[in-house]
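Comments concern the structure below.
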Amino acid sequence: MKNLLLIAVVLLAGVSMNAQAKFKFKTETIDYGKVAKGSDGVRVFEFTNVGDQPLIVSDVKSSCGCTIPKKPKGAVAPGETGQIEVKYDTQNKVGPIRKTVTVYSNADEPVKALKIKGEVLPAGQSVMQ
């Protein structure tokens, strides 16, 4: 009986050690394209938790103060979707956009780098170029 109980405990421990949260992003790079100075700089990275444990984003950081990321408020259950919102300052920054948003979580890949790119055009310059 003790051996049977020991085997059951070992099997359960093995299964729970393999349980993991896992990101699947729709895209890992957002291209703003050419945008006018002062235009809406908010974009969203959408993801699904394709793992079998709740996904908890503990922090999101930007490579620059001109980019403000927001993490999901709570855990994202297996099979559910979540969002990481990014706001780029198009009012005070003109020129190329090349920034990284780093996501920290309990996922199988605990540190994930997401990218934004594009170009903010000076006032008066046409976006249709």
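Surrounded by 13 or more Cβ atoms within 10 Å (Cβ to Cβ), at positive phi and either touching a Gly at 6+ places or on another chain (Cβ under 9 Å) or not aliphatic (A, V, I, L, M) (or both): which single residue out of Gly79, Gly118 fits that description? Spell out how you get there, then give the answer.
Values: Gly79 fails: surrounded by 13 or more Cβ atoms within 10 Å (Cβ to Cβ).
Result: Gly118 is the single residue among Gly79, Gly118 that is surrounded by 13 or more Cβ atoms within 10 Å (Cβ to Cβ), at positive phi and either touching a Gly at 6+ places or on another chain (Cβ under 9 Å) or not aliphatic (A, V, I, L, M) (or both).
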Count of the stretch 35-58 residues which are without any contact (Cβ under 8 Å) to a residue 60 or more places away in the chain and within 13 Å of Leu114 (Cβ to Cβ): 4
Answer yes if at least one residue in the stretch 44-61 is touching a strand residue (DSSP E or B) at 6+ places or on another chain (Cβ under 8 Å), under 17 Å from Ile30 (Cβ atoms) and of a type in the set (Gly, Ala, Ser), and no otherwise. no
Within the stretch 114-122, can one find any residue that is among the aliphatic types (A, V, I, L, M), touching a residue at least 12 places away in the same chain (Cβ under 8 Å) and outside any strand (DSSP E or B)? no
I'd like to verify a number: residues in the stretch 44-66 that are modelled with pLDDT of 95 or more, crowded, with 17+ Cβ neighbours inside 10 Å and closer than 12 Å to Val86 by Cα, how many? 3
So, in the stretch 93-109, how many residues would count as being more than 9 Å from Lys22 (Cα to Cα) and outside any strand (DSSP E or B)? 2
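The values are calculated or read from the model by the stated rules, or taken from the named source; none is laboratory data. The model shown is predicted, which means the values in this text are computed figures rather than measured ones. All Cβ positions, glycine included, derive from the backbone under ideal geometry; neighbour counts span all protein chains shown.
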